[in-house]
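Here it is: the structure, laid out below.
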Amino acid sequence: MNTFYGVSAPLGSGKTTAALDYSRQQAMAGQKIVIAQPSINLIKQSMEQFREHWPNVPVQAIHSECGSVGNVGKALADHTRASSSGEVLFITHSALTQCPYWDRRSEWHLIIDEAPQVFFSSEITLPATYKILLPALDIVPSNIRYSHLKRGKASLLEEIAVNKD
(Lines give C-alpha, C1' and ligand atoms only; values in the text may rest on other atoms or scores of the structure.)
Protein backbone atom coordinates (compact mmCIF):
# COMPACT_ATOMS: atom_id res chain seq x y z
CA MET A 1 0.00 0.00 0.00
CA ASN A 2 1.28 3.47 -0.89
CA THR A 3 0.84 6.45 1.38
CA PHE A 4 1.02 9.96 -0.02
CA TYR A 5 1.62 13.14 1.95
CA GLY A 6 1.59 16.68 0.67
CA VAL A 7 2.98 19.95 1.98
CA SER A 8 1.56 23.27 0.85
CA ALA A 9 3.42 26.35 2.02
CA PRO A 10 4.46 29.72 0.54
CA LEU A 11 7.54 30.16 -1.64
CA GLY A 12 10.68 30.46 0.48
CA SER A 13 9.14 28.94 3.60
CA GLY A 14 11.71 26.14 3.84
CA LYS A 15 9.93 23.16 2.26
CA THR A 16 13.07 21.97 0.44
CA THR A 17 15.26 22.47 3.50
CA ALA A 18 12.79 20.47 5.59
CA ALA A 19 12.78 17.71 2.95
CA LEU A 20 16.58 17.58 3.01
CA ASP A 21 16.64 17.34 6.81
CA TYR A 22 13.97 14.62 6.79
CA SER A 23 15.95 12.73 4.13
CA ARG A 24 19.10 12.97 6.22
CA GLN A 25 17.31 11.54 9.26
CA GLN A 26 15.85 8.68 7.23
CA ALA A 27 19.15 7.86 5.49
CA MET A 28 20.93 7.76 8.84
CA ALA A 29 18.27 5.28 9.99
CA GLY A 30 19.09 3.03 7.00
CA GLN A 31 16.28 4.16 4.67
CA LYS A 32 16.72 4.91 0.97
CA ILE A 33 15.32 8.28 -0.11
CA VAL A 34 15.01 9.64 -3.63
CA ILE A 35 14.32 13.35 -4.11
CA ALA A 36 12.97 14.35 -7.51
CA GLN A 37 13.50 18.01 -8.38
CA PRO A 38 12.52 19.96 -11.49
CA SER A 39 15.99 20.99 -12.67
CA ILE A 40 19.63 20.00 -12.59
CA ASN A 41 20.53 23.44 -11.22
CA LEU A 42 18.25 22.89 -8.22
CA ILE A 43 19.77 19.43 -7.70
CA LYS A 44 23.28 20.94 -7.70
CA GLN A 45 22.18 23.59 -5.18
CA SER A 46 20.48 20.99 -2.94
CA MET A 47 23.46 18.63 -3.12
CA GLU A 48 25.81 21.45 -2.11
CA GLN A 49 23.53 22.37 0.83
CA PHE A 50 23.20 18.70 1.84
CA ARG A 51 26.94 17.99 1.77
CA GLU A 52 27.70 21.22 3.63
CA HIS A 53 25.33 20.35 6.49
CA TRP A 54 25.75 16.54 6.59
CA PRO A 55 29.05 15.49 5.00
CA ASN A 56 28.91 11.97 6.49
CA VAL A 57 25.51 10.99 5.03
CA PRO A 58 25.66 9.09 1.70
CA VAL A 59 24.21 11.28 -1.06
CA GLN A 60 24.37 11.04 -4.83
CA ALA A 61 22.81 12.63 -7.91
CA ILE A 62 21.98 10.92 -11.18
CA HIS A 63 21.15 13.21 -14.10
CA SER A 64 22.29 13.88 -17.66
CA GLU A 65 25.11 16.24 -16.64
CA CYS A 66 26.81 13.72 -14.34
CA GLY A 67 30.11 12.88 -16.02
CA SER A 68 29.89 9.10 -15.98
CA VAL A 69 26.16 8.83 -16.75
CA GLY A 70 25.38 7.91 -20.34
CA ASN A 71 21.79 6.71 -20.12
CA VAL A 72 20.00 8.13 -17.06
CA GLY A 73 17.37 5.36 -16.96
CA LYS A 74 20.05 2.64 -17.04
CA ALA A 75 22.12 4.48 -14.43
CA LEU A 76 19.08 4.66 -12.13
CA ALA A 77 18.27 0.98 -12.61
CA ASP A 78 21.90 0.03 -11.93
CA HIS A 79 22.11 2.26 -8.87
CA THR A 80 18.87 1.05 -7.30
CA ARG A 81 19.91 -2.56 -7.90
CA ALA A 82 23.30 -2.03 -6.21
CA SER A 83 22.11 0.13 -3.31
CA SER A 84 22.12 -1.72 -0.02
CA SER A 85 22.04 0.87 2.75
CA GLY A 86 20.63 4.24 3.73
CA GLU A 87 21.25 7.04 1.29
CA VAL A 88 19.75 10.08 -0.41
CA LEU A 89 19.53 10.08 -4.21
CA PHE A 90 18.69 13.19 -6.25
CA ILE A 91 17.10 12.90 -9.71
CA THR A 92 15.10 15.20 -12.00
CA HIS A 93 11.34 15.04 -12.47
CA SER A 94 12.08 14.06 -16.05
CA ALA A 95 14.21 11.10 -15.00
CA LEU A 96 11.49 9.96 -12.61
CA THR A 97 8.86 9.86 -15.36
CA GLN A 98 11.17 8.24 -17.91
CA CYS A 99 12.73 5.53 -15.76
CA PRO A 100 11.11 2.28 -16.90
CA TYR A 101 12.62 0.14 -14.14
CA TRP A 102 13.29 0.79 -10.48
CA ASP A 103 14.91 -2.14 -8.67
CA ARG A 104 13.36 -2.92 -5.26
CA ARG A 105 10.95 -0.03 -5.64
CA SER A 106 9.28 -0.77 -2.29
CA GLU A 107 12.55 -0.04 -0.45
CA TRP A 108 12.71 3.55 -1.71
CA HIS A 109 10.83 6.55 -0.32
CA LEU A 110 10.07 9.27 -2.88
CA ILE A 111 10.00 13.00 -2.19
CA ILE A 112 8.85 15.17 -5.08
CA ASP A 113 10.17 18.69 -4.56
CA GLU A 114 7.94 21.23 -6.29
CA ALA A 115 4.87 20.30 -8.30
CA PRO A 116 5.78 18.45 -11.50
CA GLN A 117 4.94 19.92 -14.88
CA VAL A 118 1.78 18.64 -16.54
CA PHE A 119 2.79 16.58 -19.56
CA PHE A 120 -0.56 16.18 -21.28
CA SER A 121 -3.96 17.65 -20.74
CA SER A 122 -6.94 17.73 -23.06
CA GLU A 123 -10.60 18.58 -22.93
CA ILE A 124 -12.82 16.81 -25.43
CA THR A 125 -16.27 17.87 -26.52
CA LEU A 126 -18.48 15.21 -28.07
CA PRO A 127 -21.53 17.17 -29.22
CA ALA A 128 -23.23 14.63 -31.50
CA THR A 129 -21.57 11.32 -30.74
CA TYR A 130 -21.46 11.31 -26.96
CA LYS A 131 -24.70 9.28 -26.81
CA ILE A 132 -22.96 6.52 -28.77
CA LEU A 133 -19.66 6.60 -26.89
CA LEU A 134 -20.70 7.30 -23.28
CA PRO A 135 -22.32 3.88 -22.58
CA ALA A 136 -18.95 2.24 -23.32
CA LEU A 137 -17.11 4.40 -20.76
CA ASP A 138 -17.09 4.54 -16.99
CA ILE A 139 -16.97 7.96 -15.36
CA VAL A 140 -14.78 8.19 -12.27
CA PRO A 141 -15.14 11.42 -10.24
CA SER A 142 -11.79 13.09 -9.58
CA ASN A 143 -12.87 16.11 -7.59
CA ILE A 144 -15.83 18.46 -7.37
CA ARG A 145 -15.26 19.75 -10.91
CA TYR A 146 -13.58 17.04 -12.96
CA SER A 147 -13.93 13.34 -13.69
CA HIS A 148 -11.82 10.81 -15.56
CA LEU A 149 -13.11 8.48 -18.23
CA LYS A 150 -11.92 4.92 -18.32
CA ARG A 151 -12.78 1.99 -20.51
CA GLY A 152 -16.02 0.32 -19.62
CA LYS A 153 -17.36 -2.65 -21.57
CA ALA A 154 -14.62 -3.68 -24.04
CA SER A 155 -16.96 -5.43 -26.48
CA LEU A 156 -19.09 -2.29 -26.81
CA LEU A 157 -16.01 -0.18 -27.49
CA GLU A 158 -14.88 -2.63 -30.17
CA GLU A 159 -18.33 -2.46 -31.77
CA ILE A 160 -18.19 1.35 -31.82
CA ALA A 161 -14.62 1.29 -33.22
CA VAL A 162 -15.66 -1.00 -36.10
CA ASN A 163 -18.33 1.59 -36.98
CA LYS A 164 -20.38 -0.48 -39.42
CA ASP A 165 -22.54 2.54 -40.25
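The values are calculated or read from the model by the stated rules, or taken from the named source; none is laboratory data. Quick caveat: nothing in here was measured; it's all calculated off a predicted structure. Methodologically, a virtual Cβ is constructed for each residue, glycine included, from the backbone with ideal geometry; neighbour enumeration extends over all protein chains shown. Areas reflect the complete protein model, heavy atoms only, side chains present, ligands, DNA and RNA absent. Shrake-Rupley method; radii C 1.70, N 1.55, O 1.52, S 1.80 Å.
Do any chymotrypsin sites (Phe, Trp or Tyr not before Pro) in region 66-109 lie in a DSSP loop with no more than 12 other beta carbon atoms within 10 Å, and if so, which?
In loop regions of region 66-109 (DSSP not H, G, I, E or B), the sparsely surrounded chymotrypsin sites (Phe, Trp or Tyr not before Pro) are TYR101.
Here's something else I'd like to know. Below 29 Å, Cα to Cα, which lysines can LYS164 reach? Residues fewer than 8 away in the same chain don't count.
LYS131, LYS150, LYS153
Rounded to the nearest 10 Å², what accessible area does SER142 show when all protein chains are kept and the probe is 1.4 Å?
60
Let me ask something else about it. Which one of ASN56, THR92, GLY152 has its Cα pushed farthest toward the positive end of the charge dipole of region 11-165, where Lys and Arg give +1 and Asp and Glu give -1 at the Cβ?
Looking along the dipole axis, the top candidate is GLY152.
Please state the charge dipole magnitude for the chain, taken about the Cα centre, from unit charges on C-beta atoms (+1 on K and R, -1 on D and E), reported in debye and rounded to the nearest 20.
Its charge dipole is roughly 280 debye.
For every helix of n ≥ 4 consecutive DSSP H residues, a contribution of -39,500 (n - 2.57) applies; sum these over the chain, divide by its total residues, and give [θ] at 222 nm rounded to the nearest 500 deg cm²/dmol.
-10000 deg cm²/dmol
Using a 10 angstrom cutoff on alpha carbons, build the Gaussian network for the chain and name the most mobile of HIS148, HIS53, HIS79.
Greatest mean-square fluctuation among the candidates belongs to HIS148.
Using only Cα atoms and rounding to the nearest 10 degrees, what angle (0 to 90) does helix 72-82 make with the longest principal axis of the chain?
Roughly 60 degrees, rounded to the nearest 10.
What distance in nm separates the two pseudo spin-label positions at LEU133 and ARG145, each 7 Å out from Cα along the beta-carbon direction?
2.2
Say we join alpha carbon atoms closer than 10 Å with springs in a Gaussian network model of the chain; which of SER155, SER23, SER83 then has the biggest fluctuation?
SER155
Give me the 1.4 Å probe accessible area per residue for the chain, excluding ligands and nucleic acids, in Å².
Per-residue value: 72 Å².
Then there is this: Calculate how many DSSP beta bridges within the chain are antiparallel, expressed in % of all such bridges and rounded to the nearest 5.
In the chain, DSSP labels about 25 percent of beta bridges as antiparallel.
Given springs between every Cα pair under 10 Å in a Gaussian network model of the chain, which of VAL34, VAL72, VAL140 has the largest fluctuation?
Looking only at VAL34, VAL72, VAL140, the biggest GNM fluctuation is shown by VAL140.
Further question on the same structure: Could you pull out the longest piece of the chain with no exposed loop trypsin sites (Lys or Arg not before Pro) in it, calling a site exposed if DSSP puts it outside H, G, I, E, B and it has at most 13 other Cβ atoms within 10 Å?
1-103
Considering Cα pairs under 8 angstrom that are at least six residues apart, work out the relative contact order of the chain and quote it in whole percent.
Over the chain, the number comes to 23 percent.
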